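So the structure is just underneath, and the comments pick up after that.
The values are calculated or read from the model by the stated rules, or taken from the named source; none is laboratory data. Since the structure is predicted, the reported quantities are computational estimates derived from the model, not experimental observations. Glycine gets a Cβ as well: all are built from the backbone with ideal geometry, and neighbour counts include every protein chain shown. What goes into the accessible areas is simple: the full protein's heavy atoms, side chains included, and nothing from ligands, DNA or RNA. Shrake-Rupley method; radii C 1.70, N 1.55, O 1.52, S 1.80 Å.
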Amino acid sequence: MKRNATPDPDARDVARAARGDTQAFERLYLAHAARVHTLARRIVGSDLAEDGAQEVFIRAWENLGKFRGEALFATWLHRLAVNVLLRHAEVARRVTARIAPGLVDELYSPSSDSAATMDIDSALARLGPGLREVVVLHDMEGYTHDEIAESLAISISASKMRLHRGRTLLREWIRR
Amino acid sequence: MTTLFDHGDPWHDRLSEYLDGLLSEPETRALEDHLKSCESCRAALVELRAVVLRLHADASDEVPEGAWARTVSRLPTRTPQDARAAGWRVRRASLGLQTGTLRKVTAAAALTITFMGGIWAGAALCLAESAWTPPGWMHFPARPSRPVSPGGERTMPSRPTDSILDEWTPLRRLLSGLDQQLAGATSALANQPGNKALERVVLRLTRERDNLRSLLDSATTGNDR
């Protein structure tokens, strides 16, 4: 998809970083790291956020040569970050399920500890597979259901259903 | 027995869509009629709205100290071949050209030159032999001009826009959502003066909205770099 003629403020640094200039890449990092870290904390949780954000920038460094300038660099990076972090979250969930299957049920059970007041991070961390990603992308990152459906390879109605379920669980957990 | 997700009320599952303004006009009217008589859905709607408000108000992170040093230490080394290939691709991208486009342009140019060259060579031979006049179709037609609006500006064909084409669109959408939520929270606070939780929400939303607005203003005018 082509973007309109808005000049990309990152274009020069992207070209330099693609040729191996780490100083140019550092400037790109400084411009976009806060947004990527926030996204990482929301999707993979606080404990894995820094690792997830590092993974995003490593993948960006490796794939800069494939960036064609059809979208702004910030848009390209955000999409890359969502994809990398969704995979990161899935891997973390599989590892947890393998080494401590009971913990997954406990963590993602909507009934346990439902009366306690929780902060948003803890509550998001407890949302079950598939729900957290939809809640984060829709309510915190401003994605539409069409965009979420495309990113997660699910239907639009599934995205709407997961959002409602996620919000309903959060409502139980963070009830005043 | 009803549970969190099975409460025997089909409207309950549509509350999020109602909050997000995704229901059709008739559905919205029907749900609003239902809300008048269903206390459970009304309570759920208020609480869901509070959840969405809190999610919207979630602040952005600071980058952890030393994060760049830890990241750069993990970057794989780029080989000179990688760098050359990447440099070529990026330069070509900056010109807006792709391999397929280049091939098509080259083929079209070759065909045009061959065709026109043949015609004009033939015409030149005819003219050299006789007083033959080339038919009208051999003249280059006048360049078609784009439709011009009454104001003198050229009208461009409209193109569909997509939210992901502009990196700031999600933020603008978030800002618009924040404005709406802030209006809702302010109105709720007016009905419940002294509600500390609502006061905190209004305060935080105002701060987030102002921060986001100034960020967007500076970003879109290019003053942040």
Qualifying position, being under 21 Å from B:S176 (Cβ atoms), away from chain A (no Cβ under 12 Å) and loosely packed, with under 14 Cβ neighbours inside 10 Å, among B:E25, B:E39, B:E32: B:E25
Matching residues, segment A:31-53, being of a type in the set (A, V, I, L, M), facing chain B (nearest Cβ under 7 Å) and open to solvent by 10 Å² or more (accessible area, probe 1.4 Å): A:A34
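Suppose we filter B:G66, B:G8 for residues that are out of contact with any Phe, Trp or Tyr (no Cβ under 7 Å at 6 or more places or on another chain), open to solvent by less than 60 Å² (accessible area, probe 1.4 Å) and either within 29 Å of A:S46 (Cα to Cα) or modelled with pLDDT under 90 (or both); which single one remains?
Working: B:G8 fails: open to solvent by less than 60 Å² (accessible area, probe 1.4 Å).
None of the others qualify; the one that does is B:G66.
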Tally, over segment B:41-78, of residues that are closer than 23 Å to A:D139 by Cβ and assigned to a helix (DSSP H, G or I): 16
Filter result for B:R84 (at the interface with another protein chain (Cβ under 10 Å from one of its Cβ atoms), open to solvent by 50 Å² or more (accessible area, probe 1.4 Å) and at pLDDT 90 or above): no
Subset of segment A:124-149 (residues that are in a helix (DSSP H, G or I) and either more than 10 Å from chain B (Cβ to nearest Cβ) or hydroxyl-bearing (S, T, Y) (or both)): A:A125, A:R126, A:L131, A:R132, A:E133, A:V134, A:I148, A:A149
Selection count where residues are at the interface with chain B (Cβ under 7 Å from one of its Cβ atoms) and of a type in the set (S, T, N, Q), scope segment A:54-81: 2
In segment A:150-176, the residues that are within 14 Å of the chain's Cα centre (by Cα) and of a type in the set (A, V, I, L, M): A:L152
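Could you tell me which residue of segment A:13-27 is surrounded by the fewest Cβ atoms within 10 Å (Cβ to Cβ), considering only residues that are more than 7 Å from chain B (Cβ to nearest Cβ) and among the small types (G, A, S)?
Restricting attention to segment A:13-27, the residues satisfying the condition of being more than 7 Å from chain B (Cβ to nearest Cβ) are A:13, A:16-17, A:21, A:23-25, A:27.
This time we only want the ones that are among the small types (G, A, S), so: A:17, A:24.
Working: A:A17: 27, A:A24: 19.
Per the criteria, the residue is A:A24.
Suppose we keep only residues that are within 7 Å of chain B (Cβ to nearest Cβ) and in a loop (DSSP other than H, G, I, E, B) within segment A:150-176. Which one would you say is farthest from B:R14 (Cα to Cα)? Reasoning before the result, please.
Of segment A:150-176, the ones within 7 Å of chain B (Cβ to nearest Cβ) are A:160, A:163-165, A:167-168, A:170-172, A:174-176.
Still in the running and in a loop (DSSP other than H, G, I, E, B): A:174-176.
On the way: A:I174: 21, A:R175: 20, A:R176: 23 Å.
If we take residues in segment A:150-176 being within 7 Å of chain B (Cβ to nearest Cβ) and in a loop (DSSP other than H, G, I, E, B), then A:R176 is farthest from B:R14 (Cα to Cα).
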